[in-house]
Amino acid sequence: MHLVRPRDLDGVLDALAAHPGATLLAGGTDLMVEVNLQHRRPETVICLRRVEELRTFEPGFIGAGVTWARLEHGPIPALAELARTVGSPQIRAAGTLGGNLGTASPAGDGLTFLAAVDAHVVLASTTGRRTLPWSAFLVGPKRHARRDDEVILGVEVPDAAAWPQAFAKVGVRQAMVIAIVNCCVVRPADDDVRVAMGAVGPTVLRVPDAEAAVVGDPTPSAERLARFETLVRDGIAPITDHRATEAYRRHAAGVLARRTLERCLPG
């Protein structure tokens with residue numbers, strides 16, 4: 001295994017140009033598990049830990065190298081809330097939001113927040129930069145639209161710190177667990193609701209029918225909330241696997257989404 005350790009973004013892009021198809025290593029909390037289990041044997045690994053440009057964290061932009069430990073103390077409530085559920089303190093000190101994007105797991109906790117706020121993923125190569133909506137970047141289970149010569153720079157996000165928002169997930173524990181279902185709800189305004197669900201489809205999903213059922217009502221009635229729950233349950237595409245059945249995921253998703261929305265309502 002050949003390890004390349006660039007110190008800046010130009011070094012990363014030069015390394016990608018020199019080693020097409022090289023594996024990018026951020027925190028290593030996903031990649032090194034696969035390597036240790038001998039599921040992957042990359043020939044060339046480009047380490048991103050020293051690249052300061054990837055650690056930018058400012059209003060409107062979160063760099064790919066920003067760790068969960070920084071996010072859990074950041075100003076965006078739902079992002080901080082979900083970051084606290086990601087692994088142990090040691091994992092949060094190493095793992096990054098960019099790693100969540102690079103792994104592209106449908107259960108990635110950070111991806112639900114990015115979907116809920118309609119984030120855009122910024123990528124760079126030696127030929128320039130391009131920006132993709134989250135829905136165009138995440139194309140399937142553990143599949144994304146990053147080209148072999150590109151690195152994920154980070155994500156463009158709205159200034160969501162003041163929005164009512166909440167995150168929740170169902171698992172065998174409250175933290176240090178891969179979600180059976182996860183959910184992020186944000187309310188950019190009283191007449192707008194966005195709900196994103198994870199681990200219930202090939203990628204993280206928005207549920208537009210459920211959103212439409214409560215849009216325009218700052219205090220939805222019990223009947224409208226029940227309708228919202230039903231539409232979430234019916235608007236996802238879960239599977240049965242070793243963690244949960246399809247039926248359980250549908251039920252849990254509806255209940256979780258409703259409770260998460262209720263946390264975002266006034267009063």
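Annotations
- Estimated 222 nm signal from helices in the chain, with DSSP H stretches of n ≥ 4 weighted -39500 (n - 2.57), rounded to 500: -9000 deg cm²/dmol
- Region 165-263, relative contact order [Cα under 8 Å, separation at least 6], %: 29 percent
- Volume per residue that the Cα convex hull of region 58-143 spans, once the total is divided by residue count, Å³: 100 Å³
- Neighbour-count ranking [beta-carbon atoms within 10 angstrom, fewest first] of PHE57, PHE228, PHE113: PHE57, PHE228, PHE113
- In region 165-263, the ratio of gyration radius to Kirkwood radius, Rg to Rh, stands at 0.96 when only Cα atoms are counted.
- Against the chain, whose longest principal axis is taken from its Cα atoms, helix 246-263 shows a tilt of about 80°.
- The label point for GLU246 and the one for GLN90, both projected 7 Å from the Cα toward the Cβ, are 3.9 nm apart.
- Amide H to amide H distances under 5 Å link THR44 with HIS2, THR23, where only residues 5 or more positions off or on other chains count and H is placed in the peptide plane.
- By the count of other C-beta atoms within 10 Å, a proxy for reagent exposure, ILE62, ILE46 are ordered fewest to most as ILE46, ILE62.
- From least to most packed, judged by other beta carbons within 10 angstrom and beginning with the fewest, LYS142, LYS169 follow the order LYS142, LYS169.
- Along its first, second and third principal axes, ordered by size, the chain spans 59, 39, 31 Å in Cα coordinates.
- About the Cα centre, charge dipole magnitude for the chain (Lys/Arg +1, Asp/Glu -1 at Cβ), debye: 760 debye
- Max mean-square fluctuation residue, GNM over the chain, Cα-Cα springs under 10 Å, options VAL51, VAL193, VAL66: VAL51
The numbers here are math on the coordinates, done by the rules we state, and not lab data. Keep in mind that this is a model prediction, so the values were computed, not measured. Note: ideal-geometry Cβ built from the backbone for every residue, glycine included; neighbour counts use all protein chains shown.
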